[in-house]
Amino acid sequence: MQRTVTFPSGKTDYIFLQNDEQVFEKLTQLYDSRHIIFITNDHITKLYDHLLKGQKVLIVPAHENSKDIHTIESLAKQLLQLEAGRNTILVGLGGGVITDITGFLAAVYMRGVSFGFIPTTLLGMVDAAIGGKNGVNLGFGKNLLGTIRQPQFILYDVRFLQTLPNIEWSNGFAEIIKYACIFDAALFAELEKNNISFYKQNDAALFSLIDKCAEWKNKTVIADEMETGLRKLLNFGHTAAHAIENLYELPHGKAVAIGMVIACMISEQVAGLDKNVSTRLKNLLQQYHLPISLAINAAKAMDLLRMDKKRKDETIDYIVLESIGHAAIKALPFIDIENALTAYASHN
């Protein structure tokens with residue numbers, strides 16, 4: 001199955017493989033294999049070495065620390081050694097770190113080459129690969145260097161999820177729960193009825209879930225590609241999460257889960273969120289093996305949060321929940337967020 005989504009800046013082909021289709025065969029049917037260079041990590045190469053044989057492959061360590069400007073410089077030099085030109089197609093094979101690196105590298109190498117993604121994690125399939133935001137970290141600052149540029153294609157093969165560790169399934173569900181919170185009360189109810197095991201064993205339900213999340217993100221990005229308004233809603237749970245993720249080296253999904261709990265605390269104060277909604281969210285996060293509590297240093301978290309891209313002088317655009325399926329953007333003073341972090345820290 002294939003469909004094309006048109007964004008203000010370009011088009012992306014969404015290609016969903018059927019059971020009898022092979023990912024690399026499909027890729028070479030669509031694009032000239034002579035111009036394809038894969039960007040992946042050392043974990044993927046161990047799992048899928050047999051698929052990558054004979055391909056041009058650049059490898060980075062499988063770690064968030066790979067997402068920095070030094071990695072980009074190293075990869076760019078390797079592209080030059082491979083004589084990669086403007087007709088090169090970079091293909092990111094991996095999760096969110098790889099899609100960020102590949103998209104950013106493609107934007108700056110020779111002032112821009114084509115690129116596409118083959119996401120191998122649930123988080124990549126439902127969120128990281130979609131929407132054109134690609135960035136690298138600057139010190140402790142999350143994604144402070146970045147671009148907004150749409151991939152030429154995203155190729156989905158859910159069979160990659162067969163080798164996904166349980167913790168990575170949970171990481172992906174953090175983003176799925178986020179979509180349910182801000183956009184889709186029916187999806188929230190569906191998630192409450194099921195669990196990770198259900199989606200692992202039910203290909204049709206998993207495919208539908210991935211497709212629904214992609215549709216929600218695509219609608220949002222089409223309406224606000226450059227993140228001046230509506231797209232900011234996708235940051236629900238992420239403002240505190242980015243600080244906590246870097247400070248405690250947490251997996252992204254776990255940090256987002258904690259961030260959503262903190263966002264609900266703030267929402268109760270400034271958006272009138274019913275405490276029962278916060279309770280339902282906490283229960284749902286635990287149902288998908290995500291944390292709701294963490295011992296944090298509020299002052300250190302605030303130091304990092306002040307470097308957030310959404311900062312405007314002494315306020316920051318914070319995403320609050322009004323009810324399940326409805327979110328809003330609030331310009332909050334830093335003191336309000338600091339008070340919430342302090343309150344959260346005192347209870348954990």
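The values are calculated or read from the model by the stated rules, or taken from the named source; none is laboratory data. What you are looking at is a predicted structure, and each value in this text was computed from that prediction instead of being measured. Counting neighbours? That spans all protein chains shown, and the Cβs are built from the backbone with ideal geometry, glycine included. Protein only, heavy atoms only, side chains kept; ligands, DNA and RNA dropped before computing areas. Shrake-Rupley method; radii C 1.70, N 1.55, O 1.52, S 1.80 Å.
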Only unsatisfied item for Lys282, checking (1) at negative phi; (2) at pLDDT below 95, is (2)
Assess whether Ala180 counts as being part of a helix (DSSP H, G or I), open to solvent by 10 Å² or more (accessible area, probe 1.4 Å) and under 21 Å from Ile130 (Cα atoms).
no
Scan region 268-298 for residues that are closer than 20 Å to Gly325 by Cβ, open to solvent by less than 40 Å² (accessible area, probe 1.4 Å) and not in a loop (DSSP other than H, G, I, E, B) and report the count.
5
Sort through Val60, Val23 and tell me the only one that's out of contact with any strand residue (DSSP E or B) (no Cβ under 6 Å at 6 or more places or on another chain) and in contact (Cβ under 8 Å) with a residue 12 or more places away in the chain.
Val23
Name, by its number, the condition in (1) in contact (Cβ under 8 Å) with a residue 12 or more places away in the chain; (2) open to solvent by 10 Å² or more (accessible area, probe 1.4 Å); (3) closer than 30 Å to Ser9 by Cα; (4) part of a helix (DSSP H, G or I) that does not hold for Glu227.
(4)
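Considering each of Ala301, Ala263 in turn, give the residue that is crowded, with 20+ Cβ neighbours inside 10 Å, closer than 28 Å to Glu249 by Cβ and modelled with pLDDT of 95 or more.
Of Ala301, Ala263, the one residue that is crowded, with 20+ Cβ neighbours inside 10 Å, closer than 28 Å to Glu249 by Cβ and modelled with pLDDT of 95 or more is Ala263.
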Residue in region 50-74 that is farthest from the chain's Cα centre (by Cα), counting only those that are part of a helix (DSSP H, G or I), more than 20 Å from Lys133 (Cβ to Cβ) and of a type outside the set (S, T, N, Q):
His50
Restricting region 239-252 to residues that are assigned to a helix (DSSP H, G or I) and touching a residue at least 60 places away in the same chain (Cβ under 8 Å), which is surrounded by the most Cβ atoms within 10 Å (Cβ to Cβ)?
Ala240
Going through region 5-49 one residue at a time, which ones are open to solvent by 70 Å² or more (accessible area, probe 1.4 Å), of a type outside the set (Ser, Thr, Tyr) and part of a strand (DSSP E or B)?
Lys11
Listed residues Ala255, Ala263; which is under 19 Å from Ile167 (Cα atoms) and either of a type in the set (A, V, I, L, M, F, W, C) or assigned to a helix (DSSP H, G or I) (or both)?
Ala255
In region 127-158, the residues that are free of Cβ contacts under 8 Å to residues at least 24 places away in the same chain and either within 23 Å of Phe16 (Cβ to Cβ) or part of a strand (DSSP E or B) (or both):
none
Specify the residue that is nearest to Met265 (Cα to Cα); the eligible residues are those in region 323-339 that are free of Cβ contacts under 8 Å to residues at least 24 places away in the same chain and either in a helix (DSSP H, G or I) or open to solvent by less than 20 Å² (accessible area, probe 1.4 Å) (or both).
Asn339
